Each structure stands twice: as structure tokens, then as C-alpha cells.
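Below is one structure, written out as C-alpha cells; the observations come after it.
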Amino acid sequence: NVDSSETINTLSGKFMKINKGRNVIAIIAIIMTTVMFTSLFTATLSVFKSNQQQEMRNTMCAPHITVEKLTKQQYDEVSKYENANKMGYTVFMSLAENKKLNTSQTEIRYADKNGAVGYLSNPTTGRLPIKDNEVAMSTITLDLLGVQHKVGSKISLEYTANGKTQTGDFVLSGYWKGDPLFLAQEVWVAKNYCLAHIKPATEQTLSTSDFE
């Protein structure tokens with residue numbers, strides 16, 4: 001018990017000089033151990049992030065929680081949950097039936113901003129549709145349709161709505177780079193257009209497996 005930092009520093013310095021070789025080895029060992037654990041932590045984190053990204057791409061889903069087949073009233077109730085940071089939704093309208101899209105399942109939906117982000121399909125060029133004659137889609141769908149990657153390009157889509165085969169003429173409001181791993185490619189339409197082409201849903205019809 002020596003209450004003198006000067007004395008302790010002097011003794012420590014002499015001790016270091018006496019055991020110079022052993023101290024150098026100890027310092028090297030400490031550095032190597034630190035580097036090893038840092039590398040291990042970095043590699044583990046990288047693998048975790050890679051697996052997480054792969055899972056999101058396979059499921060087309062980025063949110064922590066997804067709930068399907070809700071009525072608008074149910075969604076409004078859930079959206080009041082105070083612990084949720086962000087919430088969004090999409091509404092399924094139909095499948096695109098263009099012959100050029102036979103090799104790629106293409107869903108026609110409405111999505112708000114958070115819904116599009118959650119589906120990993122938010123336009124990076126342009127924007128989501130606002131007008132009834134606007135659509136947004138991936139570059140994969142544009143390429144299959146033979147449409148130029150340019151906002152304002154004209155697009156024709158065939159689909160079935162309310163039991164009738166229909167053709168809609170649109171202009172491109174936005175697009176994003178498509179991911180070939182996705183189970184389906186999304187085509188976003190305006191909210192009013194989507195709601196005008198779907199059949200009304202109730203809690204009873206949503207509970208049946210044959211209701212889209």
C-alpha cells in the first residue's frame with residue numbers, strides 16, 4: 001500500500017524493463033485476441049444481416065409483423081396501436097394476365113407509401129400512382145412488357161375484375177429495380193382505381209380461403 005503514484009510508476013517501469021520479452025509477447029497476444037474477437041463479431045453480424053436480407057427477399061416482406069385479410073375498419077383499429085413505429089397497407093385488385101407476363105406472376109394492387117416500402121417495391125424513380133390512369137412497377141415487368149424505363153411511358157394491362165376480363169391503359173408514374181427472387185412482381189395502381197375494381201369485402205368473406 002504505497003500512496004504515491006510516482007513510486008508506483010517507477011516500480012512499474014523497472015518491472016517492464018526486467019520482463020521486456022514476456023511483456024512484448026503479452027501485448028501481442030492481447031492485440032491478436034482483440035483482432036480475433038472483432039473479426040468474429042464482424043463476420044457473425046455480416047452473416048446475420050445477409051440471412052435477414054435473403055429472408056426478406058424470399059418473402060417480399062420487410063416489416064416485423066404482417067397481417068392479411070383485414071377489413072378497413074379492422075386496419076383502422078390496429079393502426080391505433082401506440083407501440084407501432086410505422087404501419088402501411090396494400091389492397092389486392094387482380095393478377096395481370098398479359099401473355100408477355102406468363103413467366104412472371106404479377107399482382108395489381110394499391111399501396112400507401114409504407115405498404116410499398118414493406119413489399120420492397122417502392123419507386124426509386126418517379127412516385128406511386130395518384131391518378132386513375134397511372135401505374136408503378138418494377139423494371140422486370142417493364143422489360144417483359146417491352147416498355148422503356150421512363151416515367152410517362154404508356155402501358156396496357158389485362159386483368160379480371162368483378163368476373164370480367166378488362167384492359168386498362170396507363171402511364172408509368174414510377175419504377176424500381178426488380179428483384180428476380182421475388183415470388184411475384186407488384187404493379188401499383190391508384191387507390192380510387194383499385195377500389196372501383198374490387199368486390200366488397202366483409203369479415204365473413206375475408207375468413208374464407210377462396211376470397212382474394
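The values are calculated or read from the model by the stated rules, or taken from the named source; none is laboratory data. Because the structure is a prediction, the values reported are computed rather than measured. Cβ sites come from the backbone with ideal geometry, for glycine too, and all protein chains shown count toward neighbours. For accessibility, only protein heavy atoms count, side chains too; no ligands or nucleic acids. Shrake-Rupley method; radii C 1.70, N 1.55, O 1.52, S 1.80 Å.
Assorted remarks:
- Subset of the stretch 67-108 (residues that are closer than 30 Å to L142 by Cβ, without any contact (Cβ under 8 Å) to a residue 60 or more places away in the chain and among the small types (G, A, S)): G88
- Yes/no for L145 being more than 27 Å from M87 (Cα to Cα) and buried (at least 21 other Cβ atoms within 10 Å of the Cβ): no
- Exactly one residue out of L142, L95 is touching a Phe, Trp or Tyr at 6+ places or on another chain (Cβ under 7 Å), more than 18 Å from C61 (Cα to Cα) and not in a strand (DSSP E or B): that is L142.
- When L181, L195, L157 are checked against the criterion of being in contact with a helix residue (DSSP H, G or I) (Cβ under 9 Å, 6 or more places away or on another chain), in contact (Cβ under 8 Å) with a residue 60 or more places away in the chain and over 18 Å from N98 (Cα atoms), L181 stands alone in meeting it.
- Count of residues meeting criterion [over 19 Å from the mean Cα position of the chain (by Cα), open to solvent by 50 Å² or more (accessible area, probe 1.4 Å) and within 20 Å of V171 (Cα to Cα)] in the stretch 81-138: 8
- Scope the stretch 71-92; condition at pLDDT 85 or above, in a loop (DSSP other than H, G, I, E, B) and not basic (K, R); matching residues: M87, G88, Y89
- Look at (1) surrounded by 14 or more Cβ atoms within 10 Å (Cβ to Cβ); (2) modelled with pLDDT under 95; (3) among the β-branched types (V, I, T) and you find that T165 fails only one, number (1).
- Qualifying residues in the stretch 182-195 (those that are open to solvent by less than 70 Å² (accessible area, probe 1.4 Å) and not in a strand (DSSP E or B)) - the one nearest to A136 (Cα to Cα): A190
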